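A short write-up of the structure that comes next.
The values are calculated or read from the model by the stated rules, or taken from the named source; none is laboratory data. These figures come from a predicted structure and were not determined experimentally. Here the Cβ positions follow ideal geometry from the backbone for every residue, glycine too, while neighbour counts run over all protein chains shown. Accessible surface is based on the protein model in full, side chains and every heavy atom, while ligands, DNA and RNA are left aside. Shrake-Rupley method; radii C 1.70, N 1.55, O 1.52, S 1.80 Å.
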Amino acid sequence: MAVRAAVAGASGYAGGEVLRLLLAHPEVEIGALTGNSNAGQRLGALQPHLSPLAGRVLAETTPEALAGHDVVFLALPHGQSAAVAEQLGPDVLVIDMGADFRLKDPADWERFYGSPHAGTWPYGLPELPGARVALEGSKRVAVPGCYPTAVSLALFPAYAAGLVGPEAVIVAASGTSGAGKAPKPHLLGSEVMGSMSPYGVGGGHRHTPEMIQNLSAVAGRPVRVSFTPTLAPMPRGILATCSASAVPGVTADSVRAAYEKAYADEPFVRLLPEGQWPATASVHGSNAVQVQVAYDASVDRVIAISAIDNLTKGTAGGAVQSMNIALGLPETTGLSTIGVAP
Ligand SMILES: NC(=O)C1=CN([C@@H]2O[C@H](COP(=O)(O)OP(=O)(O)OC[C@H]3O[C@@H](n4cnc5c(N)ncnc54)[C@H](OP(=O)(O)O)[C@@H]3O)[C@@H](O)[C@H]2O)C=CC1
Ligand SMILES: CC(=O)N[C@@H](CCC(=O)OP(=O)(O)O)C(=O)O
């Protein structure tokens with residue numbers, strides 16, 4: 001019998017991407033689609049690329065509209081998911097693509113999001129040690145932020161193998177869809193086209209505690225993170241360039257071996273052949289992650305670089321991958337690693 005899935009926030013970028021993936025998922029039947037200011041609109045007017053759903057009309061985001069489904073995807077702004085989730089029954093699989101249930105420490109949540117902490121759910125980054133087991137059979141999933149996905153997958157093998165020191169320096173460029181569909185002055189075409197600009201500099205970005213949480217858990221000790229995000233003039237994609245000082249005895253070969261071991265059996269992560277570098281264009285529209293790693297002997301640092309599509313592996317693809325695990329389906333069902341080029 002088909003898995004019946006509802007999407008709350010179907011008019012947004014994350015909601016649209018999860019619908020694109022669910023349309024290609026052989027086990028899923030798409031149920032209710034809800035919005036907020038766009039409730040009452042036809043999806044065809046809002047997400048014209050989703051032609052099979054063009055005639056569907058968005059309902060208000062209410063417990064009644066979302067009732068009667070096996071899975072509910074929440075693609076809502078931060079702070080909106082908890083109130084909706086608590087009205088959905090314990091037997092429904094709820095997959096939150098927002099931030100509400102990602103962080104474990106309430107103090108981190110309050111500092112970076114400025115509201116009371118709603119709780120912590122199993123974390124939808126299956127590649128991290130222990131994450132798959134926590135997702136199996138779970139009825140609640142917190143999908144990671146897009147930057148923490150890219151950064152954690154670039155760096156965790158180095159921390160898992162004990163190759164690097166406790167301070168990671170990260171500069172990551174993101175496409176503009178990461179900022180959502182709601183109009184914002186700094187996202188005007190004339191501001192973004194032909195220019196790259198940093199933001200959230202100096203420890204202020206709300207994804208910093210999530211990266212620290214992931215890397216510290218893998219390292220088994222506190223990791224400090226300096227994170228500088230950058231807006232890039234492209235619609236999709238994240239390129240994360242991460243480095244950390246190598247511990248004594250590290251060599252280029254030992255670094256390579258740690259990454260080969262970590263990613264030998266991962267269906268979505270590809271450690272590139274030596275000399276080839278991740279590129280956002282290569283993962284456009286796919287759930288693939290490209291990773292490369294190098295040892296810079298001149299400064300004794302490990303450099304790890306990853307590329308993802310922020311909307312696919314960074315949000316909706318990670319959500320569907322986690323849904324597959326939670327429901328006991330093969331993890332790759334309905335998900336592609338094939339990109340679109342040029
Ligand atoms: N964009 C990305 O790359 C990523 C996004 N995410 C997360 O996904 C979630 C959605 O982001 P994104 O799709 O980019 O954002 P958008 O702004 O594109 O979409 C937001 C969606 O939420 C709805 N909405 C807005 N306000 C409310 C409200 N008060 N109650 C109920 N629904 C509301 C909107 O409805 P309407 O249009 O009808 O008003 C719209 O469908 C966020 O939590 C974001 O952090 C996670 C990882 C990456
Ligand atoms: C370019 C851009 O603005 N990106 C967003 C991150 C989007 C994302 O994936 O994060 P959440 O799921 O936590 O919203 C930002 O920096 O806030």
Checklist entry - Using alpha carbon centroids, what distance separates the stretch 103-127 and the stretch 186-221, in Å? => result 16 Å
Checklist entry - Top mean-square fluctuation among Leu188, Leu22, Leu125, Gaussian network model of the chain, C-alpha springs under 10 Å? => result Leu188
Checklist entry - Given a 1.4 Å probe and every protein chain left where it sits, what share in percent of the accessible area of the chain is carbon and sulfur? => result 56 percent
Checklist entry - Most mobile of Leu327, Leu19, Leu215 per a Gaussian network model of the chain (Cα springs, under 10 Å)? => result Leu327
Item to check | Computed [θ] at 222 nm, helices only, for the chain once each DSSP H run of length n ≥ 4 contributes -39500 (n - 2.57) | outcome: -7000 deg cm²/dmol
Item to check | Förster radius 22 Å - calculated FRET efficiency between Ala182 and Ser115 (Cβ-Cβ, nearest 0.05) | outcome: 0.75
Item to check | Between 0 and 90°, nearest 10: helix 13-23 axis offset from the chain longest Cα axis | outcome: 80 degrees
Checklist entry - Cα axis of helix 252-263 to longest principal axis of the chain: angle in degrees, 0 to 90, nearest 10? => result 20 degrees
Checklist entry - To the nearest 10 square angstrom, what accessible area does Tyr13 show with a 1.4 Å probe? => result 90 Å²
Next on the checklist: Within the stretch 62-78, list the residues whose amide N lies under 15 Å from a label point set 7 Å along Cα→Cβ of Met1.
Outcome noted: 68-71
Item to check | For the chain, share of DSSP beta bridges that run antiparallel, in % to the nearest 5 | outcome: 45 percent
Checklist entry - So how much accessible area does Met196 have, in Å² to the nearest 10, using a 1.4 Å probe? => result 110 Å²
Next on the checklist: Under 5 Å between amide hydrogens, which residues at least 5 positions from Thr228 or on another chain qualify, with H placed 1.01 Å from N in the peptide plane?
Outcome noted: Ile170, Val171, Ala172
Item to check | Accessible area of Val269 in the full protein assembly, 1.4 Å probe (Å², nearest 10) | outcome: 10 Å²
Checklist entry - Between Val169 and Glu64, how many nm apart are label points set 7 Å from Cα along the C-beta direction? => result 5.8 nm
Checklist entry - Per residue, how many Å² of accessible area does the stretch 1-44 show with a 1.4 Å probe? => result 39 Å²
Checklist outcome for this item: Computed ³J(HN,Hα) along the stretch 214-226: with the Karplus parameters 6.51/-1.76/1.60, θ = phi - 60°, integer Hz and x for glycine or proline, the list is 5, 6, 5, 4, 6, 6, x, 7, x, 10, 9, 10, 9
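Do you know the relative contact order of the chain, to the nearest whole percent, from alpha carbon pairs under 8 angstrom that are 6+ apart?
Values: 782 pairs, mean separation 59.8, N = 342.
Dividing the mean separation by the residue count of the chain yields 17 percent.
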Checklist entry - What residues have an amide H closer than 5 Å to that of Val223, excluding those fewer than 5 places away on the same chain, when H is modeled at 1.01 Å from N in the peptide plane? => result Ser216
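Using DSSP, restrict attention to beta bridges with both residues in the stretch 147-310 and report what percent are antiparallel, rounded to the nearest 5. Could the numbers behind the result be given before it?
Values: 25 of 36 bridges.
Just about 70 percent of them are antiparallel.
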Next on the checklist: Using Cα springs under 10 Å in a Gaussian network model of the chain, which residue among Ala307, Ala161, Ala288 shows the largest mean-square fluctuation?
Outcome noted: Ala161
Item to check | Gap separating the Cα centres of the stretch 49-95 and the stretch 228-282, nearest whole Å | outcome: 34 Å
Item to check | Sequence of Asp265, Asp309, Asp300 from largest to smallest accessible area, 1.4 Å probe | outcome: Asp265, Asp300, Asp309
